[in-house]
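Throughout, read-outs are computed from the coordinates displayed, never taken from laboratory work. Computed from a prediction, not measured in an experiment: that's the story for all the values here. Glycine also receives a Cβ, built like all others from the backbone with ideal geometry; neighbour counts cover every protein chain displayed.
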Ligand SMILES: Nc1ncnc2c1ncn2[C@@H]1O[C@H](COP(=O)(O)OP(=O)(O)OP(=O)(O)O)[C@@H](O)[C@H]1O
Ligand SMILES: [Mg+2]
């Protein structure tokens, strides 16, 4: 179980002022699937980075299975079972897909096992296993490899930051199956940041973050109708005026 | 006779656990230790100076030549001239390499001067590894010079690697390419401690349709210093590309000094150079997989130099 207690984060902006990016967020994640959604720039990725230890919150605590992990490094959190698939996957020079998946699994794995994780995310393993993880891979391919690294880790808490972004429709259905399988095999909680209704639909709990604040939290039955109803009305007022 | 230390050096520089197949010449502590020739490949000791002539008959196919040099005697200094005559249409692999084990106090020094005469339409893959070991205070110094002359339609790939144990190296490579000839150079260097590595490439693209690609990847650690110089001169209708990509760590310093000169309207030349520390996001990504910072650095460096 993951517990966030009064998490706030502010950063210095370029013109010297401080910007409050996360404001007093308290949240418990114990369900199979929890989805975080909300407008662009709302603070979702920042929150995921706070959980993974990439960003240190200005105040507040993070509790994982009863242990306060607020002061732990990225590595220590990873070793305690936190995995994170980035919104923008990182490119390397010389490190291959096989290398990355092997590192993720934390042990020596054979080609066939590495290929299995790739196949799960819909990549024809043979074509990819020896490719370098660099910008010669397409956006969707990088994204799927990123997801495969989290599958290979198989930890109790997995964070996915917009896993569906750039992934084609055909694979999208499989992606949902991937998450379901993942839970069946490993248990634990899967936290997915997403803007996609179909992903929100599988969530046991939906968290809406807007303007750095936790604006709504509840089951999909409670949250979804409201979210979908609102769509269209949140557009920038000047834009709407011009359209009218 | 070859002892344990020398065997280890051979393994490092030539991946050899036993005597190689095909033609070879092993030079140990300044003397010929073993030699084998084949019907198509002759190796002849030079009369006027230190070194050998390697003569490869025209149209020799799929043969290899190993010419490792090993030094385990502290304080040995040598200059060796090796000339490779590669006949028309031949296709060969040449594996050179120099290993120094120095456990004494004097510096050991090997300067190999290699000349390649690559015949018309011949294909050569030249692999060279430099390696130093030993716990003495004596320095391991290697100053290789490579001169390459490529005839029409010939193709050469040169892979050089220096990963460990060489205190000081200054490498000069010059090449002249005839019509339709191609030269590809892949250099990998890692320096640590207070080591110095300097490389200097001058490639003349003299023939129409000639092309070259010079790629250097290096990692400079601790207080080491590296200098990369390259000058590609397009003297005909040709393509030239050079790329230097360096990672700096700790207090190391790296200089990249590129030069491209077009002396012909149809010469097309590109230089790319990048120097920087390991990208923070790469470290972070690997740390989210459970590696600590040091392990993440090692993975990134070894991938980079692979
Ligand atoms: N280091 C920083 N300095 C200043 N502003 C920052 C910094 N990091 C993030 N921000 C800002 O904080 C806000 C939240 O960013 P975040 O990436 O968390 O949004 P998000 O909800 O993930 O958005 P999206 O849906 O577009 O991915 C944005 O306005 C962003 O510009
Ligand atoms: Mg985001």
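Along Cα→Cβ, 7 Å out, is where each label goes; now give me the distance between the ones at residue B:135 and residue A:181 in nm to one decimal.
5.2
From the P(r) of the protein assembly as shown, could you give the percentage of C-alpha pairs in the tail past 39 Å?
Values: 65697 of 150975 pairs.
Value for the protein assembly as shown (Cα pairs over 39 Å): 44 percent.
What is the P(r) of chain B, as percent of Cα-Cα pairs per 20 Å bin from 0?
It works out to 32, 57, 11, 0, in whole percents.
Hey, got the average number of other protein chain Cβ atoms within 10 angstrom for residues in A:50-63? Don't skip to the answer; put the middle values down first.
On the way: counts 0, 0, 3, 3, 6, 0, 0, 0, 0, 0, 0, 0, 0, 0.
Neighbouring Cβ atoms belonging to other protein chains average 1 per residue here.
Which FRET efficiency value, to the nearest 0.05, is calculated for residue A:11 and residue B:106 with the Förster distance at 60 angstrom and r the Cβ-Cβ distance?
Details: r = 57 Å, r/R0 = 0.96.
Efficiency, from the Cβ-Cβ distance: 0.55.
With springs only between Cα atoms under 10 Å apart, run a GNM on chain A and tell me which of A:130, A:201, A:15 wobbles the most.
A:15
Would you kindly calculate the mean projected area, averaged across all directions, of the convex hull enclosing the Cα atoms of region B:117-260, in square nanometres?
On the way: hull surface 31.2 nm².
Taking the Cα atoms of region B:117-260, their convex hull projects to 7.8 nm² on average.
Please give, to one decimal in nm, the separation of the simple spin-label points placed at residue B:184 and residue B:17, each 7 Å out from Cα toward the Cβ.
2.9
If you wrap a convex hull around the Cα atoms of region B:1-155, how much volume per residue is inside, in Å³?
So the per-residue hull volume is 95 Å³.
Based on the Cβ-Cβ distance of residue B:202 and residue A:19, what FRET efficiency does E = 1/(1 + (r/R0)^6) give at R0 = 41 Å, to the nearest 0.05?
Values: r = 53 Å, r/R0 = 1.29.
Calculated value: 0.20.
Of B:196, B:16, B:289, which has the largest mean-square fluctuation in a 10 Å C-alpha GNM of chain B?
Sorting by GNM fluctuation, first place goes to B:289.
Once the convex hull of the alpha carbons of region A:2-241 is built, what does its volume come to per residue, in cubic angstrom?
Values: hull volume 35.8 nm³, N = 240.
Here the figure is 149 Å³ per residue.
Considering only the protein assembly as shown, what is the antiparallel percent among its DSSP beta bridges, to the nearest 5?
Values: 31 of 184 bridges.
Of those bridges, close to 15 percent are antiparallel.
Ranking request for peptides B:93-99, A:153-159, A:216-222: highest mean number of other beta-carbon atoms within 10 Å first, then the rest in descending order.
Working: B:93-99: 24.0, A:153-159: 21.7, A:216-222: 13.6.
Ranked from most to least packed, the peptides come out as B:93-99, A:153-159, A:216-222.
Say R0 is 45 Å: what FRET efficiency, to the nearest 0.05, do residue A:3 and residue B:274 get from their beta-carbon distance? Walk me through the numbers before you get to the answer.
Values: r = 44 Å, r/R0 = 0.97.
Once rounded, the FRET efficiency stands at 0.55.
Given only helices, namely DSSP H runs of n ≥ 4 each adding -39500 (n - 2.57), what is the per-residue ellipticity at 222 nm of the protein assembly as shown, to the nearest 500 deg cm²/dmol? All intermediate terms of the calculation are to be shown ahead of the outcome.
Details: 13 runs with 125 residues, N = 550.
That calculation yields -6500 deg cm²/dmol at 222 nm.
Can you list the residues of region B:237-255 with backbone N under 19 Å from a point 7 Å past the Cα of residue B:261, pointing along Cα to Cβ?
B:237-243
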